[in-house]
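The values are calculated or read from the model by the stated rules, or taken from the named source; none is laboratory data. Given the structure is predicted, the values throughout are model-derived calculations rather than measurements. FYI the Cβ positions are ideal-geometry reconstructions off the backbone, even for glycines, and counts take in every protein chain you see.
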């Protein structure tokens, strides 16, 4: 065994310590006047109330799921009961990660406003520090949790009887519980948070802006606190849990595939790994640990000096820090791979193509593929959603003929934006696979996710700046303060869109890695869609993201209606509310959003978790694999479509704020075209903030549920990885309709007597083939078929 | 050889004769006053002008494609040059089918108006007779073309050396050319017609209704003739070509799979077919022929008596005729199957499960599955799109809070409607496969399509009634005439939505059958998505329908803008146009729509045809199969989403015409909610009339292109069905990494010396397996393989 595992533990702790230093620094900053502090406290209280209510509900889910997992662990020999504590801790860590982010964000908002009263550079520093706390919290907890459980599990299982591979499989199956816990919480946090934020936003706007004619974030609007709470529970806590889940799932999938490499090398008889078989398994977690350090270094570079800086300068500062962390990770990756992997990985299995010997530098190239995808997806996303680019300008032009043409143009933009991204993913999948098999795909995803701390810091500073603007408005500070926070907010909009592109890219690659791990765990020999049931499952899988999105959108509609009714009621019933003499009941609006979000997140959440289980047990492991592929393909498409359409509509609307040229005429806010653009933006809101960003969790969670039930499916259908590792018995199954031997019958009872059941036959013939090839290899026969046929 | 093939030829001719009788009857009806006749002539001239321009363009395409096909036929031994005339005739027949429909529709419109002056039953009779002419024209030409070419090809190829199976494969590969020709024309006709009709519609509405404030179909609007022409070229000619293509593709796929059954029986040594191996191959075309007769009988039952009948009675009459034809087809199917198939189909191959003996009644059950899918899909479609049902009422309610909520509700309705349809398809695929393998799936599709003549008659009467209403409006007839045609038009809207559901259901099943035929033709052993390149192709395939839809929608937008400019120009420049003293230049608007439609249909059309060719040659046959599956899954989802969202928006808007209750208040046309609903309908227009209905052609054409290049791909990669039928050489390829024999190396040069290339290895190992199984089989069976092959 190797002591290497202590390195990522150390790096994770380093990240968490740095996080605490940053947190202390943020808290030391001035929090502004009493009014600002009160608003900030209200937002914090609302956000905490939501999270607490959510966690109480999820605790019930965790208990039920734990019982189910314990059941699985008693049924399947290779799944340890330790999957249960791993699952529970995964769920708790995910909640804590979201909680840390939410707490610091609600601390940093008023402090950013206070800083913006005097200095833009300071405001950036405060808001970005808030983001950094969140980023490091998520990355640190993820690496810490994974490494600690890995350490515990290898001490529990690696000493047992059995091969390295099968013991390590037990370790990783238990570790999958950690990932499952993290991803389940992420799903509910994302969906619940997404519904919350859009219900409050749409509700506040429809009555406040449209009916009562008061500006956004006006303190007279009862829903305004709920709206600002929404930014925190949706964009901060939801996103934190989301990326925590992605990060863990990616590393886990890479570890599973690393274990498979060790098995391949063992099969080929050349285990030349310097770390007792641990090299390929620990590599992804080491890359993650190094990524934390790279991210910390990058954060020091993100600063501006000019108090009159514009968006471009802020964006440039962020890019500089980001690219530095990515480059540092790439360089560190080179040395890590050189150190941890054997120079040549011998006998790596390429499905359907036999085995290949892969030089370790190919694995490094795969990390470059991953980093390249991360860069390019940002580039594409920016093209389709950024102000002033052709797609957004097209939507602006189409707004001049009304809402309908605006909507058509936005939908078409979202749809056509799938082209470049899907081609990119396809090339990346193929390329990294050609380089180093599915391990290459997984390592590409891992390297992309390595700088999660930095990505999240850049992402999370946006909502903090957005909230800071809200605080400035509500506490009636001078316009210049709002102008400064608006610059940060505007940059934050771009980074949010880019972050969503990044999340879906990582989900696509991670899903593939999980998919590969799933196939390995079940022991099936591929997913052949030239079988009707497998193809039927592909159709069902493709449909799930569409129906999920529909449910999420309908939920936003229903929740927003509840909010509209309440705000209308308060405007009518609370005396003096419009004159500013009566105080609106902010708490009631927070409560309504909370209740609606929790109620509405149940159905899509349950659908995500239950459907793969049903498919797996009713249709079998191969159909479930196909279902996963269907969810992944359709989910990626709908994610890109919804995120980019929503982002483009948002910026088309924003274009009118500074004025925009349509058919030779300058057009401004308040014009008919602007109204059409507002309609588009409202349609885009649930797209880009509720259903779109949920897609990547849907994809990953589907694959994780599959992975956790994989051993049980493998055992039922007799294809299990472990079933193959017993003795190999020659079977009489040459001809269909012929009797099988007893062992086959024992595997599965079929109604038809003396006839091979399909599964039995497959298992038989698989063994038969192996057996006959071996026998003929020995005899070195070279009979021609022509001879046989005569 | 069997003379059975003369039966469908006879039935097709019967259908065509009956069509001519009906046509003569329609032409004998009174065509109304001079004004009505002039309008009708103008519409006809515009429609013919478009079709002629379209055909001139498509002729160039046909020439280029013919050269390419001729090239393929010289490269692949098993593809005859006869594929070229088959392709050309397929294209011509498709064009003729669309042309017949368009001509009769433009004759029947004014005659329906004339009939509606006195009698609703007569108006239904005239318009439905017009639809019948089109339905019988399409079905008759399809069956005639397929049967005639089949007759010619069996006489050309069946006498040659080689097995029944390989000769029949040549026949069917050449026949695939006919289907390819039909489907290519269908694509351009659908896309071009869809762009035309929506450009004219949106253009006429935006300037006429919105800007100038004149009613729909007002003769002062220069785009009004173009709008009515659009109904004919889009909904009539486009749909006719579409269903012609579907019908041919479905029957062809079933024939290919029927041939495979013969091979399975030969492999099992029990060819107990009473028609010299022709039974399973001819069954689908016989079902199609019988379906024509059933449809003719059904048309006699469609009549109403009451001059004051409402929509419900008209709908009931249509349903009665339709269900009668379906039941007649089912009954005839029972006898046909009993007669034409052996009581037990021995040794049918079920991929991955070995072979099974299938009783012929299982094939009959598969026809019931197909008929059931046809019925249920209509039911689901109606639920999501019909007036007064919950989904439409939800959209109506959401219109009260503005266009944005209307759009969100419509999108969500379209999205959620995928659930029931996809589950239905999945169950049907699985069920019909379990019953009788992929042949069962194909037969299910064939039986669904058997009553195409009736479906199309019901579908096509709608646009005729719509046009009749336009003629009434333009020639300023009394309101009661328009009221009568409106009843027919309203029923036509429902049948149009149902027809689209039917088309996508048939496309889904046909695509699967084509997919199965493709796998057979290439000789690959399945499509395993647990290979990175195959999975990458699945992603690309999934993306194509989305990008195709985006292109179609953008095209409508561009073309509509052209129209808007022209109508504005005429209003400004032609003196007295608004007072009715100046005559608008209708021809110019027709020309603009024509040009725009032809220009815009090129890119999506080319993408559909070229992409599978690139994927096939760059990534190989297995990846192309996966690409097809991706297009099918994603295409089905986007078709249902777009068709149903569009249909629901349309009827949500219509709900306001009679007045509708929202939150306890009656709301009418002209209200704010109605305006929001109009916005939704405008968004839905390109969804339901351009991109949505193109999806099913996209799916089928993709599979057909794959099918036609399948043999060449099989030959390149050495997996071809025919490669197996030459001499079979025992290969030394037991162990990966071992040297291959020369033939393997000759197949594909690989950089790595002494290592099997992936394709080589696959081919080797496949032969290896066959060899070892055959050797043992031969010891037990008394039948010699050589005997069977004759």
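Run down A:578, A:601 and say which single residue is touching a helix residue (DSSP H, G or I) at 6+ places or on another chain (Cβ under 6 Å), farther than 18 Å from residue A:511 by Cβ and at pLDDT below 90.
A:601
If a residue must be crowded, with 24+ Cβ neighbours inside 10 Å and within 30 Å of the chain's Cα centre (by Cα), how many such residues does the range B:392-417 contain?
12
Out of curiosity, is residue B:347 surrounded by fewer than 24 Cβ atoms within 10 Å (Cβ to Cβ), in the same structural domain as residue B:520 (by TED's automatic domain parsing) and touching a residue at least 12 places away in the same chain (Cβ under 8 Å)?
The answer is yes for residue B:347.
Can residue B:625 be described as in a helix (DSSP H, G or I) and under 14 Å from residue B:705 (Cβ atoms)?
yes
Would you check if there is a residue in the range B:575-589 being more than 14 Å from chain A (Cβ to nearest Cβ) and at positive phi?
Yes: the range B:575-589 contains one or more residues that are more than 14 Å from chain A (Cβ to nearest Cβ) and at positive phi.
Considering only the range A:637-646, I want to know if a residue exists there that is more than 30 Å from residue A:509 (Cα to Cα) and within 11 Å of another protein chain (Cβ to nearest Cβ).
For the range A:637-646, residues more than 30 Å from residue A:509 (Cα to Cα) and within 11 Å of another protein chain (Cβ to nearest Cβ): absent.
What number of residues within the range A:670-688 are surrounded by 24 or more Cβ atoms within 10 Å (Cβ to Cβ) and either out of contact with any helix residue (DSSP H, G or I) (no Cβ under 8 Å at 6 or more places or on another chain) or not assigned by TED's automatic domain parsing to the domain that holds residue A:504 (or both)?
0
Looking at (1) without any contact (Cβ under 8 Å) to a residue 40 or more places away in the chain; (2) more than 25 Å from the chain's Cα centre (by Cα), which is the one condition that is false for residue B:580?
Every condition holds for residue B:580 apart from (1).
Check off (1) facing chain A (nearest Cβ under 9 Å); (2) in contact (Cβ under 8 Å) with a residue 12 or more places away in the chain; (3) more than 14 Å from residue B:432 (Cβ to Cβ) for residue B:353 and give me the number that stays unchecked.
Result: residue B:353 passes all but (2).
Output the number of the condition that residue A:343 fails; it satisfies all remaining conditions of (1) within 26 Å of residue A:290 (Cα to Cα); (2) in contact with a strand residue (DSSP E or B) (Cβ under 7 Å, 6 or more places away or on another chain); (3) at pLDDT 85 or above.
(3)
Do we have any residue at all in the range B:66-84 that's closer than 18 Å to residue B:54 by Cα, in a helix (DSSP H, G or I), assigned by TED's automatic domain parsing to the domain that holds residue B:300 and at pLDDT below 90?
no
Would a scan of the range A:205-228 turn up a residue that is in the same structural domain as residue A:138 (by TED's automatic domain parsing), within 23 Å of the chain's Cα centre (by Cα) and crowded, with 24+ Cβ neighbours inside 10 Å? Explain how you work it out, then say what you get.
Within the range A:205-228, the subset in the same structural domain as residue A:138 (by TED's automatic domain parsing) is A:205-228.
Restricting the remaining residues to those that are within 23 Å of the chain's Cα centre (by Cα) gives none.
No, every residue in the range A:205-228 fails to be in the same structural domain as residue A:138 (by TED's automatic domain parsing), within 23 Å of the chain's Cα centre (by Cα) and crowded, with 24+ Cβ neighbours inside 10 Å.
Looking only at helices (runs of 4 or more DSSP H) that fall completely inside the range B:403-487, which ones have 2 or more residues that are within 11 Å of another protein chain (Cβ to nearest Cβ) and at pLDDT 90 or above?
B:403-416, B:418-450
Answer yes if at least one residue in the range A:107-123 is within 26 Å of residue A:280 (Cα to Cα), surrounded by fewer than 24 Cβ atoms within 10 Å (Cβ to Cβ) and in contact (Cβ under 8 Å) with a residue 12 or more places away in the chain, and no otherwise.
No, the range A:107-123 contains no residue that is within 26 Å of residue A:280 (Cα to Cα), surrounded by fewer than 24 Cβ atoms within 10 Å (Cβ to Cβ) and in contact (Cβ under 8 Å) with a residue 12 or more places away in the chain.
On the basis of being touching a helix residue (DSSP H, G or I) at 6+ places or on another chain (Cβ under 6 Å) and either crowded, with 23+ Cβ neighbours inside 10 Å or under 29 Å from residue A:195 (Cβ atoms) (or both), does residue A:544 make the cut?
The answer is yes for residue A:544.
What residue, of B:270, B:256, B:202, B:248, is closer than 24 Å to residue B:104 by Cβ and assigned by TED's automatic domain parsing to the domain that holds residue B:289?
Only one candidate passes the filter, namely B:248.
Can you tell me which of A:509, A:514, A:535 is facing chain B (nearest Cβ under 9 Å), part of a helix (DSSP H, G or I) and crowded, with 24+ Cβ neighbours inside 10 Å? Reasoning before the result, please.
Values: A:509 fails: facing chain B (nearest Cβ under 9 Å); A:514 fails: facing chain B (nearest Cβ under 9 Å).
Step by step, each of A:509, A:514, A:535 is checked, and only A:535 is facing chain B (nearest Cβ under 9 Å), part of a helix (DSSP H, G or I) and crowded, with 24+ Cβ neighbours inside 10 Å.
Which of (1) closer than 30 Å to residue B:136 by Cβ; (2) away from every other protein chain (no Cβ under 13 Å) does residue B:366 not meet, given it meets every other one?
The number of the failed condition is (2).
With the structure loaded, tell me whether residue A:601 is within 14 Å of chain B (Cβ to nearest Cβ), buried (at least 20 other Cβ atoms within 10 Å of the Cβ) and closer than 30 Å to residue B:641 by Cβ or whether it fails that test. Explain how you work it out, then say what you get.
Details: within 14 Å of chain B (Cβ to nearest Cβ): no; buried (at least 20 other Cβ atoms within 10 Å of the Cβ): yes; closer than 30 Å to residue B:641 by Cβ: yes.
Answer is no for this residue.
Per-residue answers, yes or no, for (1) touching a strand residue (DSSP E or B) at 6+ places or on another chain (Cβ under 8 Å); (2) under 30 Å from residue B:530 (Cβ atoms):
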position: B:590; (1), (2): no, no
position: B:628; (1), (2): no, yes
position: B:632; (1), (2): no, yes
position: B:674; (1), (2): yes, no
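Taking the conditions exactly as written (more than 20 Å from the chain's Cα centre (by Cα), more than 9 Å from chain B (Cβ to nearest Cβ) and closer than 23 Å to residue B:430 by Cα), does residue A:522 satisfy them or not?
yes
Could you say which residue among A:716, A:699 is modelled with pLDDT of 80 or more and assigned by TED's automatic domain parsing to the domain that holds residue A:178?
Exactly one of A:716, A:699 is modelled with pLDDT of 80 or more and assigned by TED's automatic domain parsing to the domain that holds residue A:178, namely A:699.
Could you say whether any residue in the range A:325-337 is surrounded by fewer than 16 Cβ atoms within 10 Å (Cβ to Cβ), in contact (Cβ under 8 Å) with a residue 12 or more places away in the chain and assigned by TED's automatic domain parsing to the domain that holds residue A:286? Show your work before the answer.
Step one: list which residues in the range A:325-337 are surrounded by fewer than 16 Cβ atoms within 10 Å (Cβ to Cβ), which gives A:327, A:331, A:334-335.
From what's left, in contact (Cβ under 8 Å) with a residue 12 or more places away in the chain: A:334.
Now restrict to residues that are assigned by TED's automatic domain parsing to the domain that holds residue A:286: A:334.
Yes, some residue in the range A:325-337 is surrounded by fewer than 16 Cβ atoms within 10 Å (Cβ to Cβ), in contact (Cβ under 8 Å) with a residue 12 or more places away in the chain and assigned by TED's automatic domain parsing to the domain that holds residue A:286.
How many residues are within 9 Å of chain A (Cβ to nearest Cβ) and farther than 19 Å from residue A:429 by Cα when one looks only at the range B:607-636?
Here the count works out to 4.
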